[in-house]
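Single-structure report; data block below.
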Amino acid sequence: MPTFIFEASDQGGAIIRGERDAMSVTAVIASLRREELIPIHIEQKGIVGEARGLSIFGSRRLTGLERIIFVRNLRTALRAGLTLLEALDAFIPDADSPALRNLLVRARHNLENGQPLSATFAAMPGVFPPIVVGMLRVGEETGRLEQSLGELNRYLTREYELARTVKSALVYPAILMGMAGTMMFAMLFFIVPNLKKLFSNLGADIAPFTQLLFSVSDAVRYNVVLDIAIVAVVVLGARAFMRSGTGRRFVSLASQRVPALRTVIMMLALVRFTRTMGGSIASGLSAMEAMSIASDTVGDERYRAAIVEAQARVREGAPLAQSLGRSPLFPHFLTSLLAVGERAGSFEEMFLTFADFYEEEAERALKTLMSILEIIILAVLGFIVAFVALSMLYPIYQFFGTL
């Protein structure tokens, strides 16, 4: 009997890892559910391809747009009367990327062997987020797969649009910084060395700040390989740090000291939380399962910890809105109306309404932050230009003053 390595979440949000002997991935998932555990990742021990996870699906992961197209097409096929197997057979020849094509082939193979679609995706957590697995599982168990795919399509589409909004807002500041870096490199590599030779030939007195500029120019010109290595180490190190738990906590705490950035992060976290909760509950997931998924998708360590704490109180019998209200991270306006929705039985509608509201607020806060960032970048550029101009003009002024 094969052995499977699993990673699951309990009702309190704690991660549990271990091994289990079973005939298939489906059997492992069933045993975990009997213990009220939520499967996150399952792989067969000793299988190299499985252990490598996403590397078996090609050179890259699925993009957000590919996920949306897959879910949307699958729902359309089911509405047209096709079975899951027939739908996958229709999708495989038209799959544009190797990642999506291999995913469909594997899903079809597992489906033929009696493994549900959600179990296939549960074994590949990097391909689809946990909310996709949860919604598909509920749809399969309740016979409402088409409705679950509809909710999932709305969720993925809004998340994709939100991500595009954030990226679009960062384009202009990134262009400004790129142009500034290119300009500084050109000046230090070409213009400053020529001026240094000129001042040396004239015998002009070199001020300390001018000498500093010359030293920076020499360091850039004569240590190109070292400069590239330093930049690469800094970029890769920063990237690894930002992806670590310590890095995420540091960014979360540091962002609280910048009001405009704090507002953007808070609004984005609330958008992800309310949309994940609303979409999950609307698809049939329990509030506890929805909170487990939301804690993984919220994107901020402080909110993740607050959701886990609220989940523990809900498990003890406290109302969800009241449990969230004990954290200062969730606005009183949100928790008050959630309490009304909780009593009226319209929980998911209230969450989705707030998701739309906070998305609009996030866009406004993002525009404000980008305006402030543009001003800061322009001010820094102005300071750099003024420093370079002063460093170049001061020796000339000194030289002609001695004539």
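Take the alpha carbon atoms of the stretch 81-103, find their center, do the same for the stretch 329-403, and report the distance between the two centers in whole angstrom.
Comparing the Cα centres of the stretch 81-103 and the stretch 329-403, I get a distance of 42 Å.
Ser286 to Val233: extension gain in nm, 0.36 nm per residue of separation minus the Cα-Cα distance? Present the calculation step by step, with values, prior to reporting the outcome.
Details: separation 53, 0.36 × 53 = 19.08 nm, distance 4.48 nm.
In short, 14.6 nm is gained.
Using 20 Å as the cut-off for backbone N distance, which residues of the stretch 74-101 belong to the label zone defined by a point 7 Å from the Cα of Lys167 along Cα→Cβ?
The answer is 96-101, whose backbone nitrogens lie closer than 20 Å to the label point.
Where the centroid of each part is defined by its Cα atoms, how far is the stretch 197-250 from the stretch 129-160 in Å?
Result: 49 Å between the Cα centres.
Rank these for me by crowding, Glu348, Glu309, going from fewest to most other beta carbons within 10 Å. Can you show the working numbers first?
Values: Glu348 21, Glu309 17.
By the 10 Å Cβ count, ascending: Glu309, Glu348.
Subtract the Cα-Cα distance of Asn201 and Phe357 from 0.36 nm times their separation in residues, and report this length gain in nm to one decimal. Provide the component values of the computation, followed by the final result.
Details: separation 156, 0.36 × 156 = 56.16 nm, distance 6.65 nm.
Result for the pair: 49.5 nm of gain on full extension.
Subtract the Cα-Cα distance of Ala312 and Ile376 from 0.36 nm times their separation in residues, and report this length gain in nm to one decimal.
Once the chain is fully extended between Ala312 and Ile376, it gains 18.7 nm.
List Met392, Met1 from most exposed to least, where exposure is judged by having the fewest other Cβ atoms within 10 Å.
Result, fewest neighbours first: Met1, Met392.
Using Cα positions and a limit of under 23 Å, work out the lysines in reach of Lys167, with same-chain residues fewer than 8 apart set aside.
Leaving aside lysines fewer than 8 places away in the same chain, those within reach of Lys167 are Lys367.
Just the C-alpha atoms of the chain: what Rg/Rh do they give, with Rh taken as the Kirkwood radius?
Dividing the radius of gyration by the Kirkwood radius yields 1.11.
When a footprinting reagent is the concern and you count Cβ atoms within 10 Å, what order do Asp96, Asp218 take, fewest first?
On the way: Asp96 9, Asp218 14.
Sorted ascending by nearby Cβ count, the order is Asp96, Asp218.
Round to the nearest 0.05 the FRET efficiency obtained for Glu349 and Arg20 when R0 = 22 Å and r is the Cβ-Cβ distance.
Numbers: r = 39 Å, r/R0 = 1.76.
That gives a FRET efficiency of 0.05.
Given a Förster distance of 30 angstrom, what is the FRET efficiency for Ser327 paired with Ser31, based on the Cβ-Cβ distance and rounded to 0.05?
About 0.30, to the nearest 0.05.
Based on DSSP H runs of at least 4 residues, each adding -39500 (n - 2.57), what is the mean residue ellipticity at 222 nm of the chain after dividing by all its residues, to the nearest 500 deg cm²/dmol?
About -24500 deg cm²/dmol.
Placing unit charges on C-beta atoms (Lys and Arg positive, Asp and Glu negative, everything else neutral), compute the dipole magnitude of the stretch 154-403 about its Cα centre in debye, rounded to 20. Mind showing how you got there, number by number?
Working: 23 positive and 20 negative charges, 83 e Å.
Using Cβ point charges on Lys, Arg, Asp and Glu, the stretch 154-403 gives about 400 debye.
Along the charge dipole of the stretch 154-403, Cβ charges K/R +1 and D/E -1, which of Val224, Gly325, Leu369 sits furthest on the positive end?
Working it through, the farthest residue towards the positive pole turns out to be Val224.
Amide H to amide H, which residues 5 or more places from Ile16 or on other chains are under 5 Å from it, using H placed in the peptide plane?
For Ile16, the qualifying residues are Ala8, Ser9, Asp10.
Laboratory data are not the source of any read-out in this text; all were calculated from the coordinates shown. It should be emphasised that the depicted structure is a prediction, and the values quoted were computed from it without experimental measurement. Heads up, the Cβs are rebuilt from the backbone with ideal geometry, glycines too, and the neighbour counts pull from every protein chain shown.
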